[in-house]
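Q: Have a look at this one before I ask anything.
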Amino acid sequence: MLTAHATAHSNIALVKYWGKRRGVAPELNLPAVGSLSLTLDALRTETSVAAGSTDSFTLDGERARDGEGAKVFAHLDHVWASAGHAGPRPTCAVESTNHFPTAAGLASSASGFAALTMAAAAAFEWDASRGTLSTLARMGSGSAARSIFGGLVRLDLGDNPDGSDCRARRLAQPEDWPLSLVVAQTTVGRKAVGSTGGMERSRQTSPYFDAWIDASPRELDAAEAAVEARDLATLGAITERSCFAMHACMIATDPPLLYWNGVTVEAIKACWEARAQGLPAFVTIDAGPHVKALCRPQDAAALADLLRAVPGVTDVLVCRPGPDASVRTQPAAHAEVGQ
């Protein structure tokens, strides 16, 4: 096998994904709804896959937790089998670095599993299409399917029971529609309840889960139309509706899933006040406490200053649309693998 180094960027869903599809094998990791996202330039994961004497996985320079390692090695197994190789997978040394907080509601699993998928396919000398890689990345993390692509991306729910048509597709290249996403970090550290466990709890107990699923297709189609029209006001309104519908489903879960803190609420208010004063800013929040605001590039600096002034905000990042995931291999002259 080769040594492969991949870079993938995190993405933030504007039309949200929360929950798994009922009645299918859990290992397929099929979402209950489709989603639409923006890949971000400032948030990235770098991952290398190389031959190793034993399977090993380090994350941010430290040996990963047992559960994290098991999930990584299972994903390598799946990529190896999908590449059509006979026999057991070679043992692999995997090193991954998130250049932003891990497991904190900033979609580190999206960029992480997208980078792992790209690096594994290249290391196993498999020249798979980007669409195929998106399908594989989804099996590691639902949002990772979208991080294979840059710009604005839609993950289609699909109809096939095996999930083969549940993959992402690009709606707009990063340069096609200049946008900014301002990220206000409202705390530090990992969140208490991971997304996978939280989704299953919502599916089983939230009285709003079915309503959440029913509303998603029309919001998704409307958002795609807004992207095609480059209509920020419409896309922003859909973004906020999708965000708060998802969090309503979470809060109604038993026991409740409340990922927000007090600073989250104050940052939301700051964005709404900015919009009332003529600065278009539209809120979205993933399964975590951090607030993201979609806006025009010319408004990003002013919005960032407003969010920095919110007591308790620990940091503010200004992101633009990010690029496709990429990979290079050694010793093949550091050539880019043609995906």
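Q: Within the stretch 95-164, which helices (runs of 4 or more DSSP H) (wholly inside it) include 2 or more residues that are surrounded by fewer than 22 Cβ atoms within 10 Å (Cβ to Cβ)?
A: Here the list reads 130-140.
Q: Can you tell me which of (1) in contact with a helix residue (DSSP H, G or I) (Cβ under 7 Å, 6 or more places away or on another chain); (2) crowded, with 22+ Cβ neighbours inside 10 Å; (3) not small (Gly, Ala, Ser) is the one Leu181 doesn't meet?
A: (1)
Residues checked against (1) in a helix (DSSP H, G or I); (2) polar (S, T, N, Q); (3) modelled with pLDDT of 95 or more; (4) surrounded by fewer than 22 Cβ atoms within 10 Å (Cβ to Cβ):
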{"position": "Asp221", "(1), (2), (3), (4)": "yes, no, yes, yes"}
{"position": "Ala225", "(1), (2), (3), (4)": "yes, no, yes, yes"}
{"position": "Thr234", "(1), (2), (3), (4)": "yes, yes, yes, yes"}
{"position": "Ala245", "(1), (2), (3), (4)": "yes, no, yes, yes"}
{"position": "Leu257", "(1), (2), (3), (4)": "no, no, yes, no"}
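Q: Using beta carbons and a limit of 6 Å, which pairs, at least six apart or on different chains, have the first residue in the stretch 68-95 and without any contact (Cβ under 8 Å) to a residue 24 or more places away in the chain and the second one part of a loop (DSSP other than H, G, I, E, B)?
A: Partner pairs satisfying both residue conditions: Phe73/Asp55; Asp77/Arg89.
Q: Additional query: Taking the residues in the stretch 18-46 that are of a type in the set (Val, Ile, Thr) and under 24 Å from Gly197 (Cα atoms) as candidates, determine which candidate is surrounded by the most Cβ atoms within 10 Å (Cβ to Cβ).
A: It comes out as Thr45.
Q: Moving on to the next point. Checking the condition among the basic types (Lys, Arg) and closer than 20 Å to Arg328 by Cα, which residue from Arg44, Arg65, Arg22 passes?
A: Arg44
Q: Just to be sure I understand, how many residues within the stretch 156-188 are under 28 Å from Leu303 (Cα atoms) and within 18 Å of the chain's Cα centre (by Cα)?
A: Of the residues in the stretch 156-188, 12 are under 28 Å from Leu303 (Cα atoms) and within 18 Å of the chain's Cα centre (by Cα).
Q: Identify the single condition in (1) at pLDDT 95 or above; (2) acidic (Asp, Glu); (3) assigned by TED's automatic domain parsing to the domain that holds Arg218; (4) under 20 Å from the mean Cα position of the chain (by Cα) that Asp324 does not satisfy, given that it satisfies every other one.
A: Going through the list (1) at pLDDT 95 or above; (2) acidic (Asp, Glu); (3) assigned by TED's automatic domain parsing to the domain that holds Arg218; (4) under 20 Å from the mean Cα position of the chain (by Cα), Asp324 breaks only (3).
Q: Mind counting the residues in the stretch 271-313 that are part of a helix (DSSP H, G or I), touching a residue at least 60 places away in the same chain (Cβ under 8 Å) and small (Gly, Ala, Ser)?
A: Counting residues in the stretch 271-313 that are part of a helix (DSSP H, G or I), touching a residue at least 60 places away in the same chain (Cβ under 8 Å) and small (Gly, Ala, Ser) gives 2.
Q: From Val15, Val49, which residue is buried (at least 23 other Cβ atoms within 10 Å of the Cβ), of a type in the set (Val, Ile, Thr), modelled with pLDDT of 95 or more and under 12 Å from Ser143 (Cα atoms)?
A: Within the list Val15, Val49, the selection yields Val15.
Q: Tally the residues that are more than 21 Å from Ala237 (Cβ to Cβ), of a type outside the set (A, V, I, L, M, F, W, C) and not in a loop (DSSP other than H, G, I, E, B), restricting the search to the stretch 165-217.
A: So the answer is 14.
Q: Could you tell me which numbered condition Ala70 fails, if it satisfies all but one of (1) part of a helix (DSSP H, G or I); (2) within 27 Å of Met199 (Cα to Cα); (3) touching a strand residue (DSSP E or B) at 6+ places or on another chain (Cβ under 6 Å)?
A: With respect to (1) part of a helix (DSSP H, G or I); (2) within 27 Å of Met199 (Cα to Cα); (3) touching a strand residue (DSSP E or B) at 6+ places or on another chain (Cβ under 6 Å), Ala70 is out only on (3).
Q: Could you please tell me which pairs satisfy a Cβ distance under 6 Å, a separation of 6+ or placement on different chains, a first residue in the stretch 32-60 that is in contact (Cβ under 8 Å) with a residue 60 or more places away in the chain, and a second residue that is assigned to a strand (DSSP E or B) and of a type in the set (D, E, K, R)?
A: Ala32/Lys20; Leu36/Arg154; Ser48/Glu95
Q: Suppose we keep only residues that are over 29 Å from Pro174 (Cα atoms) and surrounded by 15 or more Cβ atoms within 10 Å (Cβ to Cβ) within the stretch 59-71. Which one would you say is modelled with the lowest pLDDT?
A: In this case the residue turns out to be Ala64.
Q: Please find, among Val291, Val337, Val313, the residue that is at pLDDT below 95 and crowded, with 18+ Cβ neighbours inside 10 Å.
A: Val337
Q: Among the residues in the stretch 199-211, are any within 16 Å of the chain's Cα centre (by Cα), in contact (Cβ under 8 Å) with a residue 12 or more places away in the chain and assigned by TED's automatic domain parsing to the domain that holds Gln298?
A: yes
Q: Can you find a residue in the stretch 184-191 that is within 20 Å of Ile268 (Cβ to Cβ), in contact with a Leu (Cβ under 7 Å, 6 or more places away or on another chain) and touching a residue at least 60 places away in the same chain (Cβ under 8 Å)?
A: yes
The values are calculated or read from the model by the stated rules, or taken from the named source; none is laboratory data. Given the structure is predicted, the values throughout are model-derived calculations rather than measurements. Neighbour counts are summed over all protein chains in view; Cβ atoms, including those assigned to glycine, are modelled from backbone coordinates with ideal geometry.
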